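See structure below.
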């Protein structure tokens, strides 16, 4: 993708299809309404980082009509990244054992989600 081509378009289409299914299910379950002690920040922030990457993906697949449709359909889930970041930016939520028990990785994941261009472009 970085070089402007797609060696495995079928694989990327499968990944985008799976992402659509998984995100629809995740959004419908409501785990983002759980208290901090019942959530794993590094998992949620990993999702947030991936959601931030959709903008880059949309730009890279623009010329491929099928992949572009998949990628643009996934853009509707990007607001979940904002919700996840807001939750974990709250100092009270970062007092939970689920944050403090993995504080270093959680901090790195939050920083990556907040400044994805610095990491996702590598």
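The values are calculated or read from the model by the stated rules, or taken from the named source; none is laboratory data. Everything quoted here is computed from the prediction, not taken from an experiment. Note that we place each Cβ from the backbone using ideal geometry, even for glycine, and neighbour counts take in every protein chain shown.
Do we have any residue at all in the stretch 40-48 that's more than 30 Å from residue 11 (Cβ to Cβ) and modelled with pLDDT of 90 or more? Scanning the stretch 40-48, I find no residue that is more than 30 Å from residue 11 (Cβ to Cβ) and modelled with pLDDT of 90 or more, so the answer is no. Of the residues making up the stretch 33-46, those that are surrounded by 19 or more Cβ atoms within 10 Å (Cβ to Cβ) and within 19 Å of residue 20 (Cβ to Cβ) number 1. For the stretch 54-79, the set of residues classified as outside any helix (DSSP H, G or I) and either touching a residue at least 24 places away in the same chain (Cβ under 8 Å) or touching a strand residue (DSSP E or B) at 6+ places or on another chain (Cβ under 6 Å) (or both) consists of 64, 78, listed by residue number. From the list 51, 47, the lone residue that is free of Cβ contacts under 8 Å to residues at least 40 places away in the same chain, part of a helix (DSSP H, G or I), in contact with a helix residue (DSSP H, G or I) (Cβ under 6 Å, 6 or more places away or on another chain) and within 18 Å of residue 110 (Cα to Cα) is 51. The residue that is surrounded by the most Cβ atoms within 10 Å (Cβ to Cβ), among those in the stretch 100-119 that are in a helix (DSSP H, G or I) and in contact (Cβ under 8 Å) with a residue 60 or more places away in the chain, is 113. Tell me whether the stretch 88-111 contains one or more residues that are in contact with a helix residue (DSSP H, G or I) (Cβ under 6 Å, 6 or more places away or on another chain) and within 27 Å of residue 7 (Cα to Cα). Taking every residue of the stretch 88-111 in turn, none turns out to be in contact with a helix residue (DSSP H, G or I) (Cβ under 6 Å, 6 or more places away or on another chain) and within 27 Å of residue 7 (Cα to Cα). Of the listed requirements (1) crowded, with 19+ Cβ neighbours inside 10 Å; (2) within 13 Å of the chain's Cα centre (by Cα); (3) over 14 Å from residue 113 (Cα atoms), residue 27 misses just one: (1).
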